[in-house]
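Written out below as structure tokens is the structure these notes cover.
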Amino acid sequence: MARQSLSRFLPWLVTAPAAIVVWPLSAWASAGLGLLFVLGWVDFRQTKQAVRRNYPLTGRLRYALEYIRPELRQYFLEEDEEKLPFSRNQRALVYARAKLENDKRGFGSIQDMYRTGTEWMAHSLQPVQPDPATFRVRVGEGACAQPYELSLLNISGMSFGALSPNAIKALNRGAALGGFAHDTGEGSISVHHREHGGDLIWQIASGYFGCRTPDGHFDPERFALQALSPQVKMIEVKLSQGAKPGHGGVLPKAKVSHEIAQARGVPMGQDCVSPARHSAFSSPTELMNFVTRLRQLSGGKPVGLKLCVGQPAEWFAMVKAMLATGQTPDFVVVDGAEGGTGAAPIEFADHVGMPLRDGLRLVHNTLVGAGLRERIKIGASGKVISAFDIARCLALGADWCNSGRGFMFALGCIQSRSCHTDHCPTGVATQDPVRQRAIVVTDKAERVFYYHANTLHALAELVGAAGLHRPGDITPHHLMVRHAHGHAKSLADSTVTLAQGQLLNTAPDAEPWPSPFAEFWTRSSAEHWSWASH
């Protein structure tokens, strides 16, 4: 036992006599060995890390290998279809389309067509050729003085502060080149958003950044000052975020630069706090009043909501408030729990919030059942990368899609997953001025533009192959899914579908509502978020 214990220290202890032996031959080698002995002594004496204390010098190898483990896995061990969170093939697709490289694949599919969960599009024997330039949706039709023609693929909300100045500039310049929208994220509108004039969707969250009073409440005058800008096309009230719904955030004061403080309207030298809930409204009815107020203050621009669905009854309460007040948002963006973020608690990222497909179908069905779907457009966000991802979302009820990490890949993101450390190797998610210089705005803006254009071109090919002229014609009948035991069904046969106005029909002989409508619709109220348990 004593011999085994001694062997743990042997690699460290031999450095001392080795340094003495090699001294006559090389002073540099002797000094190096001496330095290793000192490092081993430090390991032996320190009290923070058990491995280093028990294995002086050699224990450092464990931490070095752990440090480069993500890189080793990504470059040498990861399979092409292993999604952590995006597969090598997904990333390669974005890189190829952004760089105008060959995005085709030879020798056939690598997908297992008979695996449970496999999806495919039902093609037609009479394909057509839609024009992707026409792939737009009009938001705010009839209700707004300034409705907006929105692209079917736009940049999802990512704040300045989470992304670098150069990343924001490149995204906005790319949006301006391609005629699509750039969501500001909750960090508000910075000078970098304005430099290239790309269309903006201004996101208003619980911190009311860019439109707040000194004590952090909503300031209508500051809001109007920014919202009336011609560059701002829509207003988005964020209720929750897919990656961390129900959780606020704090930007430490050390990271609150002058530019961030100016954009958000917060003082320097203090933590920038984003509360977990809004203070401008406290009930579903008050939320609808708030939406109407923002529309008026903005000069009649579309105003909508962004949420990750949590408790269905709270979403139902919002819809009941729409019915009770006659006030509706112009759009709802459904963010899936699989969505991205710069930093989130692991429990929230992995175990809180409804995934996109479930949330999207619930929101769409509720609005159909309440007779409101024609008035409210639906956006979808959460791991949207390819044209098929967009087609799936449209089949489930979306009118358009937003992508965050897809456009990050177009900027050069390599999925190092170091967004929360400020050490992003490609300069995308960092405020380090040295690291962010890696992004050359003019070059990356073109890649953002090409990724968008080539993805919509691929969508046009998919839509045309199904014999359809418009993406909005995609229905659940056009997508097939393989279920357990090898059976294949269309999404129409696999998902719940409500009839128009079905939730308004309370007659005794009315068709029964499916779950979760049967459990929660009648127990939700427009006046409060809580729901009756009996």
>> For a quick check: with amide H placed at 1.01 Å from N, whose amide H comes under 5 Å from Gly187's, ignoring anything fewer than 5 positions away on the same chain?
In response: Ser159, Phe160
> Distance from the Cα centre of region 180-246 to that of region 121-167, in angstrom?
Replying inline: 19 Å
> Is region 86-176 best put as rounded, prolate or oblate by its Cα gyration tensor, with a ≥ b ≥ c the root eigenvalues, rounded for a/c under 1.5, and otherwise prolate when a/b is larger than b/c, oblate when not?
Replying inline: oblate
>> With a 1.4 Å probe and all protein chains kept in place, how much accessible area does Ile110 have, in Å² rounded to the nearest 10?
In response: 90 Å²
>> What distance in nm lies between label points placed 7 Å from Cα along the C-beta direction at Asp80 and Met268?
In response: 5.1 nm
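Using a 1.4 angstrom probe, figure out how much accessible area region 315-443 has per residue, in square angstrom, rounded to the nearest whole.
Details: 4280 Å² over 129 residues.
In whole numbers, region 315-443 has 33 Å² accessible per residue.
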> Any idea of Val51's accessible area? Nearest 10 Å², probe 1.4 Å.
Replying inline: 50 Å²
> Using θ = phi - 60° and the Karplus form 6.51 cos²θ - 1.76 cosθ + 1.60, what ³J(HN,Hα) does each residue of region 266-279 get, whole Hz, x for Gly and Pro?
Replying inline: 10, x, 6, x, 10, 4, 9, 9, 10, x, 6, 9, 7, 10
> What percent do you get for the relative contact order of the chain when only Cα pairs under 8 Å and 6+ apart count?
Replying inline: 18 percent
>> On a 1.4 Å probe surface of the protein chains, which of Asp131, Asp422 comes out largest in accessible area, and what is the full order?
In response: Asp131, Asp422
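Length gain on complete extension for the stretch Ala145 to Glu374, per 0.36 nm per residue less the alpha carbon to alpha carbon distance? Numbers along the way, then the final one.
Numbers: separation 229, 0.36 × 229 = 82.44 nm, distance 1.77 nm.
This chain segment gains 80.7 nm when fully extended.
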> Out of (1) 1.09; (2) 1.05; (3) 0.96, which label holds the value of Rg/Rh (Cα atoms, Kirkwood Rh) that was computed here?
Replying inline: (2)
> If one takes the longest principal axis of the Cα atoms in the chain, at what angle in degrees, from 0 to 90 and to the nearest 10, does the Cα axis of helix 441-465 lie?
Replying inline: 50 degrees
>> With just the Cα atoms defining each centre, how far is region 469-534 from region 387-458? Give it in Å.
In response: 33 Å
>> Could you report region 466-534's accessible area per residue, 1.4 Å probe, as an integer in Å²?
In response: 60 Å²
> Hey, which of these cross-link pairs are over 19 Å Cα-Cα: Lys244/Lys383; Lys169/Lys306; Lys306/Lys383?
Replying inline: Lys169/Lys306
>> From the P(r) of region 140-260, could you give the percentage of C-alpha pairs in the tail past 23 Å?
In response: 30 percent
>> Please give the Cα centre distance for region 249-266 versus region 27-105, rounded to the nearest Å.
In response: 32 Å
> Once both axes come from the Cα atoms, what is the angle between helix 284-297 and the longest principal axis of the chain, in degrees from 0 to 90, rounded to 10?
Replying inline: 90 degrees
>> Let me check against my output: what whole-number percent is the relative contact order of region 1-112, with C-alpha pairs under 8 Å and at least 6 apart?
In response: 15 percent
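At a 1.4 Å probe, what is the % contribution of carbon and sulfur to the accessible area of the chain? Before the final figure, lay out the partial values.
Working: 14430 of 25520 Å².
With neighbouring chains kept in place, the figure for the chain is 57 percent.
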> Counting each DSSP H run of 4 or more residues in the chain as -39500 (n - 2.57), what helix-only mean residue ellipticity at 222 nm follows after dividing by all residues, to the nearest 500 deg cm²/dmol?
Replying inline: -10500 deg cm²/dmol
>> Skipping prolines and chain starts, which residues have an amide H placed within reach, meaning under 5 Å, of the one on Phe218, given they are 5 or more residues away or on another chain?
In response: Thr213
> Taking amide hydrogens as modeled 1.01 Å from N in the peptide plane, which residues meet the under 5 Å criterion relative to Gly248, leaving out close sequence neighbours?
Replying inline: Ala276
> Using a simple spin-label model with points 7 Å from Cα along the Cα→Cβ vector, what separation in nm is obtained for Glu195 and Arg222?
Replying inline: 2.4 nm
>> Given an 8 Å cut-off on Cα distances and at least 6 residues of separation, report the relative contact order of region 253-318 as a percent.
In response: 21 percent
> By how many degrees, between 0 and 90 and to the nearest 10, does the Cα long axis of helix 356-369 differ from the longest principal axis of the chain?
Replying inline: 10 degrees
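Stretch Ala492-Leu323 to full length: gain in nm at 0.36 nm per residue minus the Cα-Cα span?
On the way: separation 169, 0.36 × 169 = 60.84 nm, distance 2.72 nm.
Extra length from Ala492 to Leu323 when fully extended: 58.1 nm.
The values are calculated or read from the model by the stated rules, or taken from the named source; none is laboratory data. Given the structure is predicted, the values throughout are model-derived calculations rather than measurements. Note that we place each Cβ from the backbone using ideal geometry, even for glycine, and neighbour counts take in every protein chain shown. The accessibility values were calculated without ligands, DNA or RNA, using every heavy atom of the protein model including side chains. Shrake-Rupley method; radii C 1.70, N 1.55, O 1.52, S 1.80 Å.
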